[in-house]
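The values are calculated or read from the model by the stated rules, or taken from the named source; none is laboratory data. Keep in mind the model is a prediction, meaning the values are calculated, not measured. Heads up, the Cβs are rebuilt from the backbone with ideal geometry, glycines too, and the neighbour counts pull from every protein chain shown. For the accessible areas, the whole protein counts, side chains as well, though only heavy atoms, and no ligand, DNA or RNA atoms are used. Shrake-Rupley method; radii C 1.70, N 1.55, O 1.52, S 1.80 Å.
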Amino acid sequence: QVTCVEVVQAYVERIREVNPLINALVKERFEEALQEARQVDRLLAEGSGDDCLEEKFPFLGVPVTVKEAFSLHGMPNTSGLVNRRNVIATSDATVVSRLKQAGAIPLGVTNCSELCMWYESSNRVYGRTNNPYNLQRIVGGSSGGEGSVLAAACSVIGVGSDIGGSIRMPAFFNGVFGHKPTTGVVPNDGQFPNAQGMQTSFLCTGPMCRYAEDLEPMLRVMAGPGVHKLKLNTKVSLEKIKFLCMDHDGGSVFVSPVDKEILQAQKKVVEHLESDLGVQVQHVSINKMKYSFQIWSAMISSKGSDGQEAQLFTDLLGDHGKPVWPLWELMKWLVGMSSHTLPAIALGLVEKLVKLNPGGHAKLVSMGKSLQAEMETLLGPDGVLLYPSHPTVAPRHHSPLCMPFNFAYTAIFNVLGLPVTQCPLGLSSEGLPLGIQLVAASYNDHLTLAVARYLEEAFGGWVLPGKV
């Protein structure tokens, strides 16, 4: 009905219209994208067996955006670090290459937090990204530019990565879908920084999009041969899923209480599942979830099975240059002379303190392993847990500094290795996105993806910003 050139041109125009407000796309490749769209139109005009084309190129001509932390040939790859502002990718990250081979057309790269380790996407290279539903609100991080660009209808599908909620928080704050796959299925190579030590078991690359039906085909392409580990061809009978529900983490002292409207949205989901599917949703209380932040932070800084230490954040900040001294950077920041963001400096300081208590560290790692076993048993082969995505809707800019550990609601599932789909549930009374996390046991991604498709139909999924 429309040519590929028309599709790409429409997205280019949309980006030009709204990106000055949201600052989500930080470097474009519009000329190259239009050239690639012309090639797609030529291919379709030749009509070389349409069925064959669909099988070979499942994303033929579909616009895609990519988190700037991933290599996309010819595009910057700084991860918001001033030291790397002249770094241009000379190749594609594996997942980017696979999406291109499947026919997708990259429009450009999107903003992230400095070194992908904070949940507000702002840095000294590109500045700050704003939420399309309210420009005074954050987009989440670290795949925040990706969440914002999708929510603003500037892209169809996007590539994100997640080590503490970096796909799911932006998807939640921006009212789109995001999926953190089971650990070890989708390759992480080609992003900076990449994980080392135990962190390799926690970092996940995954799909982000406006429509739930796009998650599974994206996951198939991004996982490549690794997709055989998942049961994506298994038909899911929703009535046979064992639904579990937990309203909050049990009351951690470090984390905000969950907003009433988020709890109400979750309650509506429970009521809908029970009335529409005739299932009984079981309310559970998992005591160790109260220590989510402590468990995540202990496990993320552990040595790998090969004895390799996790890379120090302060070393990453230096990026093969001089080491960064967080206290000195803080002094410089106070007089406006640091090239780093305050969250990055604070993380460097916290990292030094964590190393001072090895005994407490070991105890928390052991608690994490025990929680992992408990969750796998609880969920079993047919379980899906409903759990809040974050204690609050998208906060105002800078306010995460006051509650830095609220990301524990997403982070805990990284160290547990479980697949999680972030699903939007309409807008709050302030017009900000609501949503929920759907969690399953390892390799049961097909269950959470099926429930996401169902909830999209029931609750309307993505809402165009400014529509209400």
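Numerical summary
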| item | result |
| --- | --- |
| Span-rule helices in the chain, defined as complete DSSP H runs reaching 30 Å or more along the axis (Cα) with Kyte mean at least -1.0 | 358-379 |
| Share of carbon and sulfur in the accessible heavy-atom surface of the chain [1.4 Å probe, %] | 54 |
| Residue-span extension gain [residue 458 to residue 240] - 0.36 nm each, minus C-alpha spacing | 76.7 nm |
| Segment 4-459 - share of DSSP beta bridges that are antiparallel (%, nearest 5) | 65 |
| Cα-projected label distance for residue 196 with residue 228, points at 7 Å along beta-carbon direction, nm | 3.3 |
| Extension gain (nm, one decimal) between residue 467 and residue 367, 0.36 nm per residue minus Cα-Cα | 31.4 nm |
| Average Cα contact separation per residue, segment 421-468, under 8 Å, 6 or more apart, as relative contact order % | 43 |
| Residue 135 versus residue 287: modelled label distance in nm, points set 7 Å from Cα along the beta carbon direction | 5.1 |
| Under 15 Å from residue 288, Cα to Cα: aspartates and glutamates that are on another chain or at least 8 residues apart | 247, 249, 374, 376 |
| Cα centroid separation - segment 183-202 against segment 49-82, whole Å | 19 |
| Dipole in debye (nearest 20) - the chain, about Cα centre, beta carbon charges: Lys, Arg +1; Asp, Glu -1 | 1180 |
| Cα-Cα over 23 Å, subset of 235/290; 180/467; 100/180; 290/369 | 235/290; 180/467 |
